Amino acid sequence: MADSFHRVLSAAEVPPGTKKAVQVGDRCILICNSNQRLYAISNICTHAEKPLERGRMSATWIACPTHGARFDLATGKALNPPAVKPIATYEVRVVDEWIEVLIKEVAT
Ligand code: FES
């Protein structure tokens, strides 16, 4: 299967300063509207696999609500312990008022 953009939400559903979790296949993705742009990141913290969707979001990062690790919204990099591994990030775009996320299929 080829890489493809998946329509996940209308742009109006994620106003500035908010975030919303969506499921795309087996991936749980968090759409974040912060710093005047959209980000799409994995909703699952790499420390103990807890969801990030209720975490505090600042301009460029989100904090895990469970133990406080922060992740860069653009790169997914873990910014402080206890997480050390990055979270996945996804290319995101808006087409006709719909938010679309690029899912790259892993060759098997
Ligand atoms: S589960 Fe996220 S920091 Fe522990």
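Every residue in the stretch 8-19 that is in a helix (DSSP H, G or I) and either in contact with a Pro (Cβ under 7 Å, 6 or more places away or on another chain) or exposed (fewer than 12 other Cβ atoms within 10 Å of the Cβ) (or both), please. Spell out the reasoning first.
The first filter runs over the stretch 8-19 and keeps only residues in a helix (DSSP H, G or I), leaving 11-13.
Ala12 - this is the single residue of the stretch 8-19 that is in a helix (DSSP H, G or I) and either in contact with a Pro (Cβ under 7 Å, 6 or more places away or on another chain) or exposed (fewer than 12 other Cβ atoms within 10 Å of the Cβ) (or both).
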Exercise for the section: Would you check if there is a residue in the stretch 80-89 being small (Gly, Ala, Ser) and within 11 Å of Ile41 (Cα to Cα)? Expected result: yes
Problem - Members of the stretch 64-108 found to be closer than 20 Å to Gln36 by Cβ and small (Gly, Ala, Ser), listed by number - result: Ala74, Gly76
Practice task
Please determine, by comparing only the residues of the stretch 67-108 that are β-branched (Val, Ile, Thr) and crowded, with 17+ Cβ neighbours inside 10 Å, which one is nearest to the ligand (Cβ to nearest atom).
Solution key: Ile87
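Computed from the coordinates by the stated procedures, all read-outs in this text should not be read as laboratory data. Remember, predicted model here, so these are calculated numbers, not experimental data. Virtual Cβ from ideal backbone geometry, glycine too; neighbours counted across all protein chains shown.
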